[in-house]
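One structure below.
The values are calculated or read from the model by the stated rules, or taken from the named source; none is laboratory data. Note that the structure is predicted; figures quoted are calculated from it, not measured. Here the Cβ is made from the backbone with ideal geometry for all residues, glycine too, and neighbour counts use every protein chain on show.
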Amino acid sequence: MYGYIRVSTREQNEDRQRIALGALDIPEKNIYMDKQSGKDFDRPQYKLLLRRMKKDDLLYVKSIDRLGRNYGEILEQWRVLTKEKGIDIVVLDMPLLDTRRGKDLIGTFVSDIVLQVLSFVAENERANIRQRQAEGIAAAKARGVHFGRPPGQLSEDFPRLIRLWREKKITATAAAKQCGMPLSTFRYRVKVYEKARNS
């Protein structure tokens with residue numbers, strides 16, 4: 001018997017998953033945990049677990065989104081675990097996702113449908129979160145909220161350095177260095193400065 005726990009960030013608490021798995025007879029050494037996004041399966045503890053499990057082993061996860069959040073990859077991993085490696089999986093929050101039950105055609109069919117629906121829901125929620133974030137940023141920008149660091153103050157010498165550079169008395173690189181900024185920033189700030197003066 002094995003258990004797998006995943007939380008998205010180091011700040012997230014895995015206690016809820018630990019308590020659920022702790023109620024089973026899973027040896028502590030057989031519980032693997034990643035503190036990482038579920039967007040793919042490139043996770044160190046999951047890979048280790050996958051190598052360790054063998055045919056007829058049993059894997060418990062609290063919910064399908066703890067396994068992963070990418071619809072296609074969840075389905076692929078489910079296939080690898082159940083078909084290729086011959087492992088049974090139990091999703092505690094969804095009793096229909098228990099591959100020990102209904103090993104016949106109908107049981108497998110029901111399990112596959114439920115898995116596809118849940119995987120789709122997990123990925124759809126990720127897409128919705130991204131859309132809400134994008135809409136929130138767009139709304140904030142429309143209100144005049146600026147993102148990123150505010151630009152640093154220009155030195156009093158900035159206009160003189162622009163003039164020297166325009167007159168080809170110094171290079172842009174030398175002017176940028178005297179301003180204490182990268183060349184690309186210097187060129188950008190010159191553009192903004194000259195536009196403001198000409199408007």
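General remarks:
- Residue that is modelled with the lowest pLDDT [pool: residues in region 166-199 that are surrounded by fewer than 13 Cβ atoms within 10 Å (Cβ to Cβ) and either touching a His at 6+ places or on another chain (Cβ under 8 Å) or not in a helix (DSSP H, G or I) (or both)]: SER199
- Cβ-Cβ under 6 Å pairs, at least 6 apart or on other chains, region 113-136 side free of Cβ contacts under 8 Å to residues at least 40 places away in the same chain and in a helix (DSSP H, G or I), far side surrounded by 11 or more Cβ atoms within 10 Å (Cβ to Cβ) and among the β-branched types (Val, Ile, Thr): none
- Of the criteria (1) at pLDDT 80 or above; (2) more than 30 Å from ASN70 (Cα to Cα), which one ILE137 fails: (2)
- The criterion of at least 3 residues that are more than 20 Å from SER119 (Cβ to Cβ) is met, among strands (runs of 3 or more DSSP E) falling completely within region 1-107, by 31-35.
- Being closer than 23 Å to ALA127 by Cα and touching a Phe, Trp or Tyr at 6+ places or on another chain (Cβ under 9 Å) holds for only one residue in LEU59, LEU67, LEU49, LEU24, and it is LEU67.
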